[in-house]
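Here's the structure, in structure tokens; my notes come after.
We did not get these values from a lab; they are worked out from the coordinates using the rules stated. Keep in mind that this is a model prediction, so the values were computed, not measured. Cβ coordinates were reconstructed from backbone atoms using ideal geometry, including for glycine residues, and neighbour counts include every protein chain displayed.
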Amino acid sequence: MSDVLLHPYPMPDAIGLRLDSTQRATVKAVAPGSIAAKAGFKAGDKITKISAQPIISIADVQWMLERSGESAALTWEITRNGKSSALRVVLPIGWRKASPFAWRVTSWDLRRMGFGGMKLEDMTNEERKSHGLSKNQLALQAKHVGQWGEHALAKKAGVKKGDIIIDFDGVTLRATEGQALAHVMKKRMKGDTLPITVQRGRQKLSFKIRMQ
């Protein structure tokens, strides 16, 4: 599955822009070292056009980012201190990965397909320490395990709410839920068997979940 399908209509923060929701397409903050910072954006800039398309809202920015595909070079017109200028924004391959998708409604169906119905959460350093886990290893805790139908495959495999996944289909280094889901959606196909190892108390248990 491509980044375009995994990260549709990316928010401006994917390129390091945080816009003020109370004003017309106005930059509130720019993440240091981001694509936006390299392009020259500054807080207070008002975005007026992207590739000649008039911009009014955050949704307009999302629409133009969505149309940019997996890589692109776009001209953004801005107004800064009453003066108009143009900034060149270069979107390299993989830029969409910075846009989280786990919060989207569509992610629930992806969890069914790739996680067997689990909702996972990366544990904090403090939580890891209390379970004897390192800061750099995979530690995704099952906050929810589906109970019915196609969302219950993880449950049927033996996974329980509270289990800590320390190996997911060979992924053992620290990763977010979104990164783990992106891994399986890109590298596995429907019907594949996904091996996982969980820590449950002092036990380490191995299960297999079928990719849907």
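May I ask you to derive the FRET efficiency for Glu127 and Tyr9 from their Cβ-Cβ distance with R0 = 25 Å, giving the value to the nearest 0.05?
Here the calculated transfer efficiency is 0.20.
Pulled fully out, how much extra length does the chain show between Ser57 and Thr75, if you take 0.36 nm times their separation in residues and subtract their Cα-Cα distance?
4.8 nm
Order of Met118, Met211, Met189 from fewest to most other C-beta atoms within 10 Å?
On the way: Met118 27, Met211 18, Met189 9.
In increasing order of surrounding Cβ atoms, one gets Met189, Met211, Met118.
For the chain, take the longest principal axis of its alpha carbons; what is the angle in degrees between that and the long axis of helix 177-187, to the nearest 10 within 0 to 90?
80 degrees
How many angstrom lie between the C-alpha centres of region 11-62 and region 144-171?
Comparing the Cα centres of region 11-62 and region 144-171, I get a distance of 39 Å.
For the chain, give the share of DSSP beta bridges that are antiparallel, in percent and rounded to the nearest 5; count only bridges with both residues there.
100 percent
Can you compute the helix-only [θ] at 222 nm over the chain? Use -39500 (n - 2.57) per DSSP H run of at least 4 residues, normalise by all residues, nearest 500 deg cm²/dmol.
Theoretical 222 nm ellipticity from helices: -6000 deg cm²/dmol.
For region 12-25, take each phi angle, set θ = phi - 60°, evaluate the Karplus expression 6.51 cos²θ - 1.76 cosθ + 1.60, and give the result in whole Hz per residue in order, putting x for glycine and proline.
Computed from phi, the couplings for region 12-25 are x, 5, 4, 10, x, 9, 10, 9, 7, 6, 9, 10, 6, 6 Hz.
Report the longest stretch of the chain that contains none of the chymotrypsin sites (Phe, Trp or Tyr not before Pro) sitting in a DSSP loop with at most 14 other Cβ atoms within 10 Å.
Excluding the exposed sites themselves, the longest stretch runs over 1-102.
Through the Karplus equation 6.51 cos²θ - 1.76 cosθ + 1.60, θ set to phi - 60°, convert the phi angles of region 160-171 into ³J(HN,Hα) values in whole Hz; use x for Gly and Pro.
Whole-Hz 3J(HN,Hα) from phi for region 160-171: 10, 4, x, 4, 10, 7, 10, 8, 10, 6, x, 7.
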